[in-house]
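The values are calculated or read from the model by the stated rules, or taken from the named source; none is laboratory data. Given the structure is predicted, the values throughout are model-derived calculations rather than measurements. Positions of Cβ are generated from backbone atoms using ideal geometry, with glycine treated the same way; all protein chains shown enter the neighbour counts. Each accessible area value is taken on the protein alone, full model and side chains, heavy atoms only, with ligands, DNA and RNA left out. Shrake-Rupley method; radii C 1.70, N 1.55, O 1.52, S 1.80 Å.
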There are 2 protein chains.
Amino acid sequence: MNKIIECVPNFSEGKDANKIAELVSEVVSVKGVKLLDYSMDSDHNRSVITFCGDVEGIKEAAFNIARKASEIIDMRYHKGQHPRIGALDVMPFVPVKNATMEECIEIAREVGKRIGDELNIPVYLYEEAQPNPKRKNLEDIRRGEYEHFFEKIKMPEWVPDFGPHEMNEKSGVTVIGARHYLIAYNVNLGTNNIDIANKIAKAVRFSSGGFRYLKAMGVDLKQRNIVQVSMNFTNYEKTPVFRVFEVIKREAARYGVNVVGSELIGLIPAKALYDTAEYYLMMENFSYDKVIEYRLYE
Amino acid sequence: MNKIIECVPNFSEGKDANKIAELVSEVVSVKGVKLLDYSMDSDHNRSVITFCGDVEGIKEAAFNIARKASEIIDMRYHKGQHPRIGALDVMPFVPVKNATMEECIEIAREVGKRIGDELNIPVYLYEEAQPNPKRKNLEDIRRGEYEHFFEKIKMPEWVPDFGPHEMNEKSGVTVIGARHYLIAYNVNLGTNNIDIANKIAKAVRFSSGGFRYLKAMGVDLKQRNIVQVSMNFTNYEKTPVFRVFEVIKREAARYGVNVVGSELIGLIPAKALYDTAEYYLMMENFSYDKVIEYRLYE
């Protein structure tokens with residue numbers, strides 16, 4: 001697998017394990033595609049499947065799983081806490097290795113068009129795949145949810161990008177796009193004072209003046225009697241993990257608090273770790289092709 | 001390539017590029033094997049070829065390249081500054097990923113036996129592949145060089161491990177073994193005082209009381225007007241790069257000197273960089289299978 005593209009579809013089904021298994025089997029049967037993870041949440045009545053593949057494999061698996069969802073999930077009977085508008089609710093494509101954002105946008109458009117044309121489901125493009133700034137944000141598209149989309153879809157500013165211009169009652173609508181890899185990473189502080197975690201989160205996150213590609217909030221880890229700065233890195237190449245980590249250490253020191261550890265939620269691309277090692281070891285001549293594995297699998 | 005084993009044969013030929021090309025072609029033609037690097041040195045009249053492969057591929061490529069060397073290199077006419085005893089002088093097998101030292105020892109014994117039996121070349125095992133402590137060290141085996149080996153090979157303590165018990169005039173003898181991955185990594189200091197580099201090298205290296213799997217010496221980088229601690233890590237899992245780097249920073253500070261950078265010579269296994277990132281980011285729950293690429297290529 002020279003090029004690695006990740007696909008992370010979210011489905012409006014989180015109670016019936018048999019249905020999740022049917023969806024997963026659409027992925028594992030495609031050559032050039034590998035399942036990385038899947039999880040179901042019965043409160044949200046929602047599941048997330050993560051898989052990787054090359055260009056051709058990822059397109060085939062993505063379409064097949066979309067078709068399967070349209071067959072086995074019926075939105076007319078769906079209830080759950082999480083906002084949702086479709087059986088296959090949202091499906092981003094993510095460049096991981098040797099693939100560009102442009103390729104992921106192209107894949108999103110191609111798969112989106114097939115879902116629209118062949119499955120008769122209205123499709124909206126989002127994030128990097130959506131040129132219209134008013135339609136880039138997933139929450140803006142999803143606002144009103146399935147129940148109100150029968151009206152929303154008729155509004156001129158919400159004409160779908162692909163597929164029919166009217167609601168698919170059974171499947172709802174689907175949002176497809178391309179985005180950067182998201183790293184979920186949390187830093188633990190040696191205090192139980194949530195105010196300090198909140199202040200540090202505020203200092204580093206984009207929304208309050210911090211790093212452009214960072215979301216952050218304070219979280220109370222009651223069982224361990226400590227607090228945490230919980231973060232999402234939405235573009236780790238431009239807002240790298242090591243830099244934010246160092247700023248958090250500095251901010252914590254200002255309150256006389258130490259960083260006591262950190263944790264990774266989910267997976268991380270090798271490059272984010274290579275970049276971290278290069279930074280701390282102050283390397284002058286580093287490049288990815290100095291890594292044996294990088295060279296071998298390139 | 002699930003398992004990655006590295007093979008780094010050294011040949012007593014560093015002047016004739018055509019012969020090096022013939023040796024290299026033995027590697028690239030084997031399925032499951034990938035050439036990583038090769039270099040020739042005409043002063044030493046010696047060349048080094050680095051390739052990786054799975055168990056079957058590496059065995060085949062290693063034997064084929066040994067046979068080719070026995071055909072095209074003639075030790076009776078070899079002159080060069082570097083100590084040497086054979087056309088294929090030394091050939092270590094190195095576990096890089098998903099392979100154990102035991103597997104590399106087994107490969108070394110198997111390939112060594114074939115070279116002895118089929119090419120009629122005396123073979124000595126060294127390092128991890130050699131159970132006899134008096135014959136583990138390459139320099140001990142090679143002492144006397146090709147010219148004196150006609151006598152040395154007759155001594156009871158130097159009976160070869162495989163192959164004939166007398167010298168092969170054309171090919172000499174060959175040393176084959178298994179060792180840990182060697183990382184060559186240098187740390188640059190913000191001073192031109194070589195004494196400081198030497199003192200720090202002495203503080204960190206095994207031979208004078210430092211880290212067990214570390215060789216180090218001070219080097220003058222005259223062109224840049226700085227000095228360097230030049231190092232070989234002979235087992236980076238037990239003597240890790242990040243720990244030595246931090247000790248060097250501390251030792252340099254004791255002389256009022258900063259570390260100004262570092263450089264990697266050759267290649268590094270991904271794990272050495274993952275370990276570095278895990279250390280500096282103080283991760284609590286890290287494991288290699290949190291790395292996407294590690295999961296995909298496992």
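A few points about this structure:
- Near pairs, Cβ below 8 angstrom, 6+ apart or cross-chain, from the stretch A:196-225 (farther than 21 Å from A:Phe242 by Cβ) to any residue that is open to solvent by less than 100 Å² (accessible area, probe 1.4 Å) and in a loop (DSSP other than H, G, I, E, B): A:Ile196/A:Tyr255; A:Ile196/A:Val257; A:Lys199/A:Tyr255; A:Asp220/A:Asn192; A:Asn225/A:Asn192
- Residues that are within 14 Å of another protein chain (Cβ to nearest Cβ) and polar (S, T, N, Q) are absent from the stretch A:16-34 altogether.
- For A:Leu23, the stated conditions do not hold, so it cannot be described as in contact with a helix residue (DSSP H, G or I) (Cβ under 9 Å, 6 or more places away or on another chain), free of Cβ contacts under 8 Å to residues at least 24 places away in the same chain and either of a type outside the set (Phe, Trp, Tyr) or over 14 Å from A:Ile176 (Cα atoms) (or both).
- A:Tyr124 being part of a strand (DSSP E or B) and surrounded by 21 or more Cβ atoms within 10 Å (Cβ to Cβ): yes
- If you go through the stretch A:9-29 and keep only what is closer than 23 Å to B:Val291 by Cβ and either surrounded by 15 or more Cβ atoms within 10 Å (Cβ to Cβ) or not aliphatic (A, V, I, L, M) (or both), you end up with A:Pro9, A:Val24, A:Val27.
- Matching residues, the stretch B:260-298, being without any contact (Cβ under 8 Å) to a residue 24 or more places away in the chain, facing chain A (nearest Cβ under 7 Å) and open to solvent by 10 Å² or more (accessible area, probe 1.4 Å): B:Met282, B:Met283, B:Glu284, B:Asn285, B:Phe286, B:Lys290, B:Glu293, B:Arg295, B:Leu296
- Screening A:Val175 on (1) of a type in the set (Val, Ile, Thr); (2) open to solvent by 50 Å² or more (accessible area, probe 1.4 Å); (3) within 30 Å of A:Ile268 (Cβ to Cβ) shows it passes everything except condition (2).
- For the stretch B:187-201, a residue qualifies if it is within 14 Å of another protein chain (Cβ to nearest Cβ) and of a type outside the set (A, V, I, L, M), and the qualifying residues are B:Asn188, B:Gly190.
- Condition met for B:Val229 (within 14 Å of chain A (Cβ to nearest Cβ), touching a helix residue (DSSP H, G or I) at 6+ places or on another chain (Cβ under 9 Å) and of a type in the set (A, V, I, L, M)): yes
- Residue count, the stretch B:30-63 (criterion: under 14 Å from the mean Cα position of the chain (by Cα) and open to solvent by 30 Å² or more (accessible area, probe 1.4 Å)): 4
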